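Down below is the structure, laid out as structure tokens.
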Protein chains: 2
Amino acid sequence: MSAAESAVETIQREMTIFARRARASAGRMHPELSLVSYTLLGHLEERDGCRATDLAGHYALDKSTVSRQVAALERAGLIERRLDPEDHRVQVLHLTEAGREILAQVTRSRRSAFRERLANWPEEDLVRFAAYLERYNAGPGGTGAV
Amino acid sequence: MSAAESAVETIQREMTIFARRARASAGRMHPELSLVSYTLLGHLEERDGCRATDLAGHYALDKSTVSRQVAALERAGLIERRLDPEDHRVQVLHLTEAGREILAQVTRSRRSAFRERLANWPEEDLVRFAAYLERYNAGPGGTGAV
DNA sequence: CACATCAAGTTGTACTATACAACTAGAACG
DNA sequence: CGTTCTAGTTGTATAGTACAACTTGATGTG
């Protein structure tokens with residue numbers, strides 16, 4: 001096996017380990033915010049509000065799934081729905097102040113966990129690793145290479 | 001923000017994207033084998049058989065979860081249980097011939113998906129990326145930096 | 001304009017993966 | 001022995017998900 005082939009094997013194995021761990025710890029990571037909720041809130045912050053359908057499309061989730069997630073986030077007071085005056089079928093979702101705070105808090109705690117994990121890496125390696133990950137994720141998706 | 005800090009941000013973001021995708025596609029990846037089942041079969045192959053408790057410990061799953069997964073895999077004819085003659089509480093799990101085949105098949109299809117995704121990477125980058133991932137995963141776990 | 005079609009969301013239902021707790025059966029050790 | 005430990009199963013509950021059926025509003029065409 002060539003060096004390239006064996007590197008591909010390693011990447012596959014390590015990505016799989018990572019995915020499994022992420023899955024296992026997703027629910028326990030932050031009691032107040034699952035990985036999905038966190039991602040959705042992050043999207044709302046980044047876009048400054050969007051529709052449920054956009055979330056579903058962007059994250060490849062069924063609209064019913066998003067509908068329930070959104071309902072839960074609203075019940076928790078983290079987001080609010082504003083009827084689009086242009087189109088009354090549409091609800092534009094926005095973070096509330098509480099939602100913004102929780103999101104920032106979870107982001108901080110996640111960031112510090114990552115920092116800790118990467119604490120001893122030389123800057124050069126961090127930069128290269130970051131670039132590789134971006135490149136990997138930007139590649140053609142949906143092939144199951146997860 | 002320093003280059004190192006911004007690299008850590010990127011790593012966090014990209015790892016999260018990856019984890020979310022993995023999660024979303026886990027169930028659809030291979031109709032015949034979920035990510036968890038695949039991982040468990042892989043472990044059995046690697047160790048040439050082990051106990052359910054070992055699987056639970058190694059993958060941080062509850063023993064009841066493993067028990068049901070194992071039951072499903074046995075029903076599907078992919079593994080078999082052999083009573084440990086030394087200790088009648090213990091069932092040693094082994095791949096069956098069918099299990100070995102399915103595992104090999106899924107491994108092949110996953111590998112080809114990874115290969116495709118990484119097809120245009122220069123060997124040097126593959127080797128470095130693989131090393132970074134190994135290093136990342138080998139770090140202290142369980143902090144939520146997933 | 002009226003009806004057909006499309007789009008956004010909700011709700012009913014079902015399934016999978018998971019955890020925790022209570023239990024059974026066997027082992028180990030005093 | 002009997003107590004305590006260990007391996008595994010089963011009951012129960014929850015989260016996240018999908019698919020299908022439905023409601024409501026928008027759009028476009030004869």
Practice problem: Working only within the range A:63-74, note down all residues that are more than 7 Å from DNA strand C (Cβ to nearest atom) and either small (Gly, Ala, Ser) or at pLDDT below 95 (or both). | Solution: A:ALA72
Exercise. Go through the range B:102-122 residue by residue and tally those that are hydroxyl-bearing (Ser, Thr, Tyr) and open to solvent by 50 Å² or more (accessible area, probe 1.4 Å).
Key: 1
Self-check item: Subset of the range A:53-101 (residues that are within 14 Å of chain B (Cβ to nearest Cβ), open to solvent by 30 Å² or more (accessible area, probe 1.4 Å) and touching a Leu at 6+ places or on another chain (Cβ under 8 Å))
Solution: A:LEU61, A:GLN69
Quiz prompt | the range A:38-52, subset under 11 Å from the mean Cα position of the chain (by Cα) and away from DNA strand C (no atom under 15 Å from the Cβ), residue farthest from the other protein chains (Cβ to nearest Cβ) | solution = A:LEU41
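The values are calculated or read from the model by the stated rules, or taken from the named source; none is laboratory data. Fair warning: this is a prediction, and the values are worked out from it, not measured in the lab. When we count neighbours, we look across all protein chains shown, and the Cβ atoms used for this are built from the backbone with ideal geometry, even at glycine. Protein only, heavy atoms only, side chains kept; ligands, DNA and RNA dropped before computing areas. Shrake-Rupley method; radii C 1.70, N 1.55, O 1.52, S 1.80 Å.
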